[in-house]
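Peer 1: One structure coming up, written as structure tokens, with questions to follow.
The values are calculated or read from the model by the stated rules, or taken from the named source; none is laboratory data. These figures come from a predicted structure and were not determined experimentally. Keep in mind that these areas ignore ligands, DNA and RNA; they rest on the heavy atoms of the full protein, side chains included. Shrake-Rupley method; radii C 1.70, N 1.55, O 1.52, S 1.80 Å.
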Amino acid sequence: MNRENKKANHLNSIRGTQRFTKPSQINGDANIVINNETAIPKLRKLAQDYVGVTNPYGFLTNLRNALEIPNLEGSSKYGVIIIQKEDGKKLEASLRITNHNSNAETYITHNANYEYNLSILVRKNFKINTFKPHENVKLDEYVYYGKKMAKVNNPLTQIINSIIGYLQTGIYEDTTGIAFKNSSP
């Protein structure tokens, strides 16, 4: 096992086994509110842990744990965020952390359709794009795949830092240059 895989496995064994006792997402609804004040320091620590790692094994679980989004089987992994924008207005949005493409209609089904919706998809291997837009859902999905990540310096750290920026400003910026972006409508 190479150094990168050992580090990824170690990171997953430390954080990936944590369990949260917060309420689960009932019927898949997005009722988990992400606390930006507690999430950002956890994300900064996680970003440091992923310096030099390009293997995404365990990454999504660790990312959801830092955001305090329960990683329960069968429930959608959405969190709701409220961002204070520079103009004084508040942006209410959903954040989805996943390993498969979105079907924008499920945002309506799961009560996760907000003013803006962001989905971050990270997979080790390429899979055909099955994203489905919906005319009533404003959604951007950033898709990251393993082989492309291996060509970028600290891609997982960059993804985390982009999420931190999103929690602070309401704008997600892909700094890796490798993300494929799906949009709805």
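Peer 1: Ser102's amide H: which non-local residues (gap 5+, or another chain) put their own amide H closer than 5 Å, with H modeled 1.01 Å from N in plane and none for Pro or chain starts?
Peer 2: Amide H to amide H, under 5 Å and 5 or more residues apart or across chains, Ser102 pairs with Lys132.
Peer 1: Over the heavy atoms of Arg123, what accessible area does a 1.4 Å probe trace out, to the nearest 10 Å²?
Peer 2: Looks like 60 Å² after rounding.
Peer 1: Moving on to the next point. Please calculate how many Å² of accessible area the stretch 58-128 carries per residue, with a 1.4 Å probe and no DNA, RNA or ligand atoms counted.
Peer 2: Heavy-atom accessible area per residue stands at 46 Å².
Peer 1: Still on this model: Take Glu86, Glu141 and sort them by solvent-accessible surface of the protein heavy atoms, 1.4 Å probe, largest at the top.
Peer 2: Details: Glu86 190, Glu141 0 Å².
Order by accessible area, largest first: Glu86, Glu141.
Peer 1: What are the ³J(HN,Hα) couplings of the stretch 97-110, residue after residue, when phi is run through the Karplus curve with 6.51, -1.76, 1.60 and θ = phi - 60°? Round to Hz, x for glycine and proline.
Peer 2: 10, 7, 10, 9, 5, 7, 10, 4, 4, 5, 5, 6, 4, 8
Peer 1: Just to verify a number: what accessible area does Phe180 come out at with the full protein assembly present, 1.4 Å probe, Å² rounded to tens?
Peer 2: 110 Å²
Peer 1: Apply the Karplus curve 6.51 cos²θ - 1.76 cosθ + 1.60, θ = phi - 60°, to the phi angles in the stretch 141-148 and return the couplings in whole Hz, x for Gly and Pro.
Peer 2: With coefficients 6.51, -1.76 and 1.60, one gets 10, 9, 10, 10, 10, x, 4, 5 Hz.
Peer 1: Going down the list Lys85/Lys132; Lys42/Lys85; Lys77/Lys132; Lys124/Lys151; Lys138/Lys181, which pairs span over 19 Å between their C-alpha atoms? Could you put the intermediate results ahead of the total?
Peer 2: Values: Lys85/Lys132 29 Å; Lys42/Lys85 22 Å; Lys77/Lys132 17 Å; Lys124/Lys151 13 Å; Lys138/Lys181 13 Å.
With Cα atoms farther than 19 Å apart: Lys85/Lys132; Lys42/Lys85.
Peer 1: Could you pull the accessible area for Lys138 with a 1.4 Å probe, rounded to 10 Å²?
Peer 2: For Lys138, the solvent-accessible surface is approximately 110 Å².
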